[in-house]
Structure formats: C-alpha cells, structure tokens
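Trainee: Input: one structure, supplied below.
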Amino acid sequence: MELERFSYDNKIVKQFGIATIVWGVVGMLVGLLIASQLFYPALNFNLQYTTFGRIRPIHTNAVIFAFVGNAIFMGVYHSLQRLCKARMYSDLLSKIHFWGWQLIIVVAAVTLALGFTTSKEYAELEWPIDIAITLIWVAFGINMFGTIFKRREKHLYVAIWFYIATWVTVAILHIVNSIEIPVAFWKSYPVYAGVQDALVQWWYGHNAVAFFLTTPYLGLMYYYLPKAAKRPIYSYKLSIIHFWSLIFIYIWAGPHHLLYSALPDWAQSLGTAFSIMLIAPSWGGMINGLLTLRGAWDKVRQDPILKFMVVAVTAYGMATFEGPMLSLKNVNAIAHFTDWIIAHVHIGALGWNGFLTFGILYWLIPKLWKTELFSKKLANIHFWLGTLGIVFYASSMYWSGITQSLMWKQFTPLGTLQYPNFLETTLQIIPMYMIRATGGLLYLSGVLLMVYNLYKTAKQGTFEDNEAAEAPALVKVEDPFVKGKRHRWLEGKPIQFLLVSMVVVMIGGLVEFIPTFLVKSNIPTIASVHPYTPLELQGRDIYIREGCVGCHSQLIRPFRSETERYGEYSKAGEYVYDHPFLWGSKRTGPDLHREGGKYPNMWHYLHMENPSSMSPGSIMPAFPWLLTQNLDTTTTVAKISAMRSIGVPYPAGYEKYANQDLNAQADSIANDLMKAGVPAENNKEIIALIAYLQRLGTDIKVNKQQVQK
Amino acid sequence: MSVIVVLIGISLFVAIGFLVAFLWAVKSGQYNDTYTPSIRMLFDDEKKQKKDNQ
C-alpha cells in the first residue's frame, strides 16, 4: 500500500505545554498565598482583590482549567495525531482553541478578582465567559473529531475513547450547570434554586472531577505510561472494560457531596451506592497502570519519569478508594465541611494530576526538542520535593480535619458542647495550616526546578514546528455529511463513541434530575418562607461577590452537635428562593444558616470592619471596604425582574417600588446602628450585607413564634 | 408540567440511542482484536527514529 506523507503539528503541542507550565506556577502560587492567609490573614494585603474569598476560586480555576486544562490539550494534541496517524484537522481551529482558552483564563482571573462570580464551585465564571468556554470547547471538538475522521489508523486506541468521553460529558455538564439568567453583563442568577441548584451544581462539580481531572488523564496515562516504560499496557481488554464501566458509573455519584443535606434521602443513597461501585473501574485503571511496569521496576528506580507516573497512578488509586469511603454516610458525617476533604482532593490534584503532568512533561519536552533531559538529577530532586510536599500537605490536613471535626462534635458529660466557641476549634489547627503551607511550598519549589530543567532542555535542543511522518492511507471514508450517505455516517466509529458516551452519561443524570425537579414532595414548601427583600437580595449578592461561601456553609445537618451549635437543622423548603444556593462545602468558619438575629447589627458592623475586634484571634479577613463603598441600587430593578422570571413570586410591578423598600429597610438598620453608637450611613454596602445576614434562617424562627401564639 | 413530557421524551430518545449504539458497537468488530492495538501504539516513534538515522 502506498505511503502517504504528512506532518504532525508540534507547534500547538509546544504552545499548550508552555501554557501548562506557566499557569501551573501561577495557580500553585495563588494556592500557597491562600494557604498562608489562613494562618496569616494580613497576607491579603488589605485589598479586596486579593482576599481569600475572591482568590480561592482563582486558585481552583487556575489549577483545574488552566494547568490541568492546558496539560490535557497538550497531551491530546500530541497523542491524538500520532494515534490517528494524521495531522490535526485544522491548524486554524488549533490556533483559535489555544488563544481562546488562554484569553478565557486571563479574563477569568481578572473577573474573579473583581468579585464577578456565580459562587458555584468550579463554575464561578459569569455568563459571558460561560459562552466563550462553550464556543472554544466546540472548536476543540470539531478539531478532535475532524482528526479522528481523517485518521489513517482504523482502530481507535483506548486513550481516544477517554478523550471523546471527556469532550462529550464536559460539554453537557457545562451547559446544564450554566443555565442562568443574565442580570447585567457580569451578573446572573441560575434558573435552579435551592435543593435543585445544589443537585445540578454537585452533579456538575463531581463530574468535573470525573471528566476533567480523571478521564482525560486516564487517556493520557494509557498513552504516556506505555511510551515512557516502552512496553504495552498490561491488559488492553481491561482498559476497554474499565473505560465503559467508569463512564457509566461516574455520572451517578454526584449526590455524595450532599449527604445529610436537605436533598431527598433516596438521591443521597443512590449517590453513595454508585460511589462504592466506582472502586471497581477506578482500581481497574490503577491496576492496569501499575502492572504495566511488572518486570520493569528496576527502570522505575532509575527513571524519574516513571517515578512520577508510578506515584501519580498510586495517588489515583488512593484517592479513588478514599472517595467512596468518604461517601459512606457515617464517614461523611465526620469528614464533610472539614480539611479532610481538602486533603482528599489534593491527593488527587497534587498526586494524580500534578505528578502525571510532570512525568509527561519530562518525557515530552526532550522528545519535541530532540534532545536529552538537561538534568536527571534535578528531576529526581523535583520528585522528592514534590512527594514530600504531598506528604506534608495531606497528613497535616487529615490531622486538622479529624481534630476539628471531633472538637465540633464533643459534648461534656452534662450534655453541652465542649467547645461552644467555633473559634477555639480553629485556633487548635492553625499549626496544621502552617505545615500545609510548608508542604505547598515544597511542592511549588519542585515545580520551579522543573521549569528551569525544562527550559535548559529546550535551550540545548532544536524544535521543529512540523514533524514529518508517513503512513499508509486508510480506505477512503466518504464525506459523512453528504446527503444519502447517512448510513455510512452512522457507521463512523467516532460518532459511535460520541453517541454511546453521551447516552451513557445522560441516562445517569436524567434519572436523578427528573424526579427531583418534578416531584413536588421533594421540596416541601413552608408557608412562612418569603422571597428576600430588595436590600437582602443586594446583601446576598455582596455575600456572593466576596466569596463568603468559600468558608461558611449554610446547611445545618440533622446532628445534635450541629443543632446545639447552630440551631434548627436546615429544611429543603427554606431554600426555594435561593438562586444560587449557598450551602458551601467547607467550614473554615461557622455555619451561617441560622445567623439571623444571633447578634445585634452593631456586632456585624464591627465584625466586618475587623473580625478580631469581636473574635480575638479570628482568621477571617477584614472587609473594611464594605463600610465605605456605596451600594449600587441601580441594579435592583433588573435583579427583581430577573428573579421573578425564574419563579420568585415578587408581585407584578414590584421592581418599581423595590428601591423604596430598600431605602426604608436601610434606614432602619442605619438608625439602629446609630443608636448603638456606630455612625453608619444608610447607603453603604455593609447595610445590605447586615440585612441579609440578619435574615438568614429566620423564616423558620418566625414560624415557631407564630405556632406558639 | 409539560416539562415532564419533554424530559421523558429526551430520556427515551437517549435510552433507545444507547441501545442501538451499543448493539452496533459489539457487531462492528471494534473489539475483535484486543491485543495488537496496545503494541502498535508503541511503534510509531521507533519507525521515525529509524528514518532519522538513514
């Protein structure tokens, strides 16, 4: 058969590679900064743009979508061309994909620092960026499927299936979770409220881990681990079974993020059951990776690349065992809202994603530049720094999580809370926060060594934008979109996999969605729950802007230790007007769902101005700008109208009078503050925030009083 | 409540699509050979290296 000559596009691989490294350093640096702010709050430089609540999402988005995202694209653009024996479908699309993605990252970082956020974890970006992500993702998809269509290799290697499943699922997840109604250019409300929003969000959040941090990386593992070890994957059959079972099961497990919450019980149990089942396919992948190295462990001793990959695969195995364990209700009761979860995700992020990326970079950069790695020794030092960093990070966070959780739950023999002051449990774990930051510092130092090492490697080599290759042509596939050729089109294997993966993924999601959306009994309505007043709504948006949800939950679980500390446990019906829901996932500070009426207005005013004046030793940052910035009331009309359009029962025409109500409520709060001796103006943002905080959880308290009457 | 009809419609479509696609996948022979692909992916680089040496 005649050989066709063509070339691989290496330039795009290089670009994504450089972006991976740059954003990796940036994302980890921000991580180190927020980790340090937790024991030294002054590191926010007293700027609203660098305060924990705003830059935590920058850290998570940067490491997930910028570092790991670019690494995925680097790996896909490199391996897909070779597995398909074809150049990428379109150089222009590659270019649009690369620059579009980098632009999104920059805009994301800027808008998050400015406080434009939806507050939904890992989906914080506002609607214009959501649209941009969709467009770029489609460009990536066309480029990928185009390449698969014109491939010269009939069989689709297992890695490609993982890429396909990734593309399809991320597209669905992103779109479904981003259905929001714009209020302004940088402000929107999700159409879902309360429990429904929580379900959609964690269906997304869980599957972002599954299909952005796991499946594409398994694809990369199936390509780069055999390449680096120079031996085939242990069992190709296992890889096939492992792929189908993984994508089928993963999509059902989302509710394990909401155990003991106001989510219906059956949905929680479903999430737990599928999480346990996930061990099998996950470990199938881990075993397949590790056993690939059977008989080659002497190589692992020598080769830093394989060391990175072995630790990565091991970390994957540990994290995917721990995940199901954490989804057991009794374990989750202890671990949820604590640093244990932070430890868990960082085993995955630092170990699995980070180390696999480093292994790939150490293998790929010398290959692209046709040279040897500049220094094996530096790579080994990087390996040990990184490993040590992970150990420091994880062990301190396990320690801190379990310690704090046990303190929260400790009762005295008389039946009162042993540590009624939340702050006491925080102060106990401050040393662990310091050790965690040290671990992060070690890990980042290793990465900086890698940057130097790879730079020197590239410097000593020569790079070719287009790498010549040749392969026999595949029997010509006719244009699949021409009319009358639909039968042929249906038989195209990429579409096959596209369809199958989409279907597999959607069934799981739909079965969980439909009942919760439509069965009214899932969300008991409570007569005393009313929509937020305009001032409270504005205050809530400030709460969202400042990222309060990053440290404060609004979900009291039905445990005695929580009802004693915070008050009556949370009911689903209390959240029906919460667009978005603000349950949170971490309690660095106390739960706020019953915050309303606990403290006088003056307490909140002084506390926001300087938390340690009210709570000595508090690690909460100060928010002095709330006291000086004027509340923007021009948005009230649009906000009320938008809320009404998604089902919040504000009376028709209310938006015209909303600002009158807003001012009246603001006046009463300002007067109250004045009486307490705090000279507050009624047009400041703090007034709105206080209004919101004082409203939190009071609907039910009102109800109780009514019942007593 | 018309959304019920829509959602059931989508899920039925999706479920049937899955069934058809899955049956087709098994018949298509994509999985007839579950060994050589794992070996083949290792080779493309080495061929190129040989070429470079020539």
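The values are calculated or read from the model by the stated rules, or taken from the named source; none is laboratory data. Fair warning: this is a prediction, and the values are worked out from it, not measured in the lab. For neighbour counting, all protein chains shown are included, and Cβ atoms are generated from backbone atoms with ideal geometry for every residue, glycine included. Side chains are part of the model used for accessible areas, which takes the heavy atoms of the whole protein and leaves out ligands, DNA and RNA. Shrake-Rupley method; radii C 1.70, N 1.55, O 1.52, S 1.80 Å.
Trainee: Scan the stretch A:526-545 and tell me whether some residue there is assigned to a helix (DSSP H, G or I) and modelled with pLDDT under 85. Even if it seems obvious, please write down each step before you answer.
Mentor: Quick first cut of the stretch A:526-545, residues assigned to a helix (DSSP H, G or I) only: A:534-545.
From what is left, the residues that are modelled with pLDDT under 85 are none.
Looking for residues that are assigned to a helix (DSSP H, G or I) and modelled with pLDDT under 85, one finds none in the stretch A:526-545, hence no.
Here's the yes/no breakdown for (1) open to solvent by less than 40 Å² (accessible area, probe 1.4 Å); (2) at pLDDT below 95; (3) within 14 Å of chain B (Cβ to nearest Cβ):
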| site | (1), (2), (3) |
| --- | --- |
| A:ILE96 | no, no, no |
| A:VAL107 | no, no, no |
| A:VAL110 | no, no, no |
| A:ILE129 | yes, no, no |
| A:ALA132 | yes, no, no |
| A:VAL138 | no, yes, no |
| A:HIS155 | yes, yes, yes |
| A:ILE172 | yes, yes, yes |
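Trainee: Does A:TRP603 satisfy the condition of being in contact with a helix residue (DSSP H, G or I) (Cβ under 9 Å, 6 or more places away or on another chain) and surrounded by 18 or more Cβ atoms within 10 Å (Cβ to Cβ)? Don't jump to the end; show me each part of the working.
Mentor: Details: in contact with a helix residue (DSSP H, G or I) (Cβ under 9 Å, 6 or more places away or on another chain): yes; surrounded by 18 or more Cβ atoms within 10 Å (Cβ to Cβ): no.
Taking the combined requirement at face value, the residue does not satisfy it.
Trainee: Hey, which of the helices (runs of 4 or more DSSP H) in the stretch A:182-281, taking only ones fully inside, have at least 3 residues that are within 14 Å of chain B (Cβ to nearest Cβ) and either open to solvent by 10 Å² or more (accessible area, probe 1.4 Å) or modelled with pLDDT under 90 (or both)? Outline the logic, then answer.
Mentor: Details: elements: A:194-208, A:215-229, A:236-250, A:265-277.
So the answer is A:236-250.
Trainee: With the checklist (1) small (Gly, Ala, Ser); (2) touching a Gly at 6+ places or on another chain (Cβ under 8 Å); (3) open to solvent by 10 Å² or more (accessible area, probe 1.4 Å) in hand, flag the one item A:SER375 doesn't pass.
Mentor: (2)
Trainee: Out of all the residues in the stretch A:652-662, which are surrounded by 15 or more Cβ atoms within 10 Å (Cβ to Cβ) and either without any contact (Cβ under 8 Å) to a residue 60 or more places away in the chain or basic (Lys, Arg) (or both)?
Mentor: A:TYR654, A:GLU655
Trainee: Still on this structure: Working only within the stretch A:548-569, note down all residues that are open to solvent by 10 Å² or more (accessible area, probe 1.4 Å) and closer than 17 Å to A:GLN201 by Cβ.
Mentor: Passing the criteria: A:CYS548, A:VAL549, A:GLY550, A:HIS552.
Trainee: Another question, then. Look at the stretch A:419-434 and say how many of its residues are of a type in the set (S, T, N, Q), crowded, with 16+ Cβ neighbours inside 10 Å and not in a helix (DSSP H, G or I). Reasoning before the result, please.
Mentor: The initial filter retains those residues of the stretch A:419-434 that are of a type in the set (S, T, N, Q), namely A:421, A:425-426, A:428.
Subsequent filtering for residues that are crowded, with 16+ Cβ neighbours inside 10 Å retains A:425-426.
Restricting the remaining residues to those that are not in a helix (DSSP H, G or I) gives none.
Final tally of qualifying residues: 0.
Trainee: Which residues, taken from the stretch A:50-70, are farther than 13 Å from A:TYR163 by Cα and not β-branched (Val, Ile, Thr)? Write out each step before concluding.
Mentor: Initial filter on the stretch A:50-70 (farther than 13 Å from A:TYR163 by Cα): A:50-68, A:70.
Of everything in the stretch A:50-70, those that are farther than 13 Å from A:TYR163 by Cα and not β-branched (Val, Ile, Thr) turn out to be A:PHE52, A:GLY53, A:ARG54, A:ARG56, A:PRO57, A:HIS59, A:ASN61, A:ALA62, A:PHE65, A:ALA66, A:PHE67, A:ASN70.
Quick grid of which residues meet (1) among the aromatic types (Phe, Trp, Tyr); (2) touching a Leu at 6+ places or on another chain (Cβ under 8 Å); (3) touching a residue at least 12 places away in the same chain (Cβ under 8 Å); (4) closer than 28 Å to A:ILE142 by Cβ:
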| position | (1), (2), (3), (4) |
| --- | --- |
| A:GLU4 | no, no, yes, yes |
| A:TYR8 | yes, no, yes, yes |
| A:GLY17 | no, yes, yes, yes |
| A:MET28 | no, yes, yes, no |
| A:ALA42 | no, no, no, no |
| A:ARG82 | no, no, yes, yes |
| A:LYS120 | no, no, yes, yes |
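Trainee: Test A:LEU293 against the stated conditions and say whether it is open to solvent by less than 40 Å² (accessible area, probe 1.4 Å) and either over 28 Å from the mean Cα position of the chain (by Cα) or of a type in the set (A, V, I, L, M, F, W, C) (or both).
Mentor: Numbers: open to solvent by less than 40 Å² (accessible area, probe 1.4 Å): yes; either over 28 Å from the mean Cα position of the chain (by Cα) or of a type in the set (A, V, I, L, M, F, W, C) (or both): yes.
It is true that A:LEU293 is open to solvent by less than 40 Å² (accessible area, probe 1.4 Å) and either over 28 Å from the mean Cα position of the chain (by Cα) or of a type in the set (A, V, I, L, M, F, W, C) (or both).
Trainee: Which helices (runs of 4 or more DSSP H) does the stretch A:594-708 wholly contain that include 3 or more residues that are in contact with a strand residue (DSSP E or B) (Cβ under 9 Å, 6 or more places away or on another chain)?
Mentor: In the stretch A:594-708, the matching helices (runs of 4 or more DSSP H) lie at A:625-628, A:636-645.
Trainee: Ok, one more. Evaluate the stretch A:290-305: report whether one residue or more is within 14 Å of another protein chain (Cβ to nearest Cβ) and assigned to a helix (DSSP H, G or I).
Mentor: yes
Yes or no, residue by residue, for (1) under 20 Å from the mean Cα position of the chain (by Cα); (2) not basic (Lys, Arg):
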{"site": "A:PHE52", "(1), (2)": "yes, yes"}
{"site": "A:ALA66", "(1), (2)": "yes, yes"}
{"site": "A:ARG87", "(1), (2)": "no, no"}
{"site": "A:ILE96", "(1), (2)": "no, yes"}
{"site": "A:VAL107", "(1), (2)": "yes, yes"}
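Trainee: Report whether or not A:VAL168 is within 14 Å of chain B (Cβ to nearest Cβ), in a helix (DSSP H, G or I) and surrounded by 17 or more Cβ atoms within 10 Å (Cβ to Cβ). Explain how you work it out, then say what you get.
Mentor: Numbers: within 14 Å of chain B (Cβ to nearest Cβ): yes; in a helix (DSSP H, G or I): yes; surrounded by 17 or more Cβ atoms within 10 Å (Cβ to Cβ): yes.
Yes: the conditions hold for A:VAL168.
Trainee: Residues of the stretch A:573-592 being touching a Gly at 6+ places or on another chain (Cβ under 9 Å) and open to solvent by 10 Å² or more (accessible area, probe 1.4 Å), which ones?
Mentor: Within the stretch A:573-592, A:GLU574, A:VAL576, A:TYR577, A:PHE581, A:GLY584, A:SER585, A:LYS586, A:THR588, A:LEU592 qualify.
Trainee: To continue, here is another question. Can you tell me how many residues in the stretch A:312-330 are open to solvent by 40 Å² or more (accessible area, probe 1.4 Å) and hydrophobic (A, V, I, L, M, F, W, C)?
Mentor: First, pick out the residues of the stretch A:312-330 that are open to solvent by 40 Å² or more (accessible area, probe 1.4 Å): A:314, A:318, A:321, A:325, A:328-330.
Going one step further and asking which of them are hydrophobic (A, V, I, L, M, F, W, C), we end up with A:318, A:321, A:325, A:328.
So the answer is 4.
Trainee: Taking into account only those residues within the stretch A:83-94 that are in a helix (DSSP H, G or I) and open to solvent by less than 10 Å² (accessible area, probe 1.4 Å), which is farthest from A:ILE12 (Cα to Cα)? Walk me through it before giving the result.
Mentor: From the stretch A:83-94, those in a helix (DSSP H, G or I) are A:83-84, A:91-94; that's our starting set.
Next cut, open to solvent by less than 10 Å² (accessible area, probe 1.4 Å) only: A:84, A:94.
Details: A:CYS84: 17, A:SER94: 7 Å.
Here the answer is A:CYS84.
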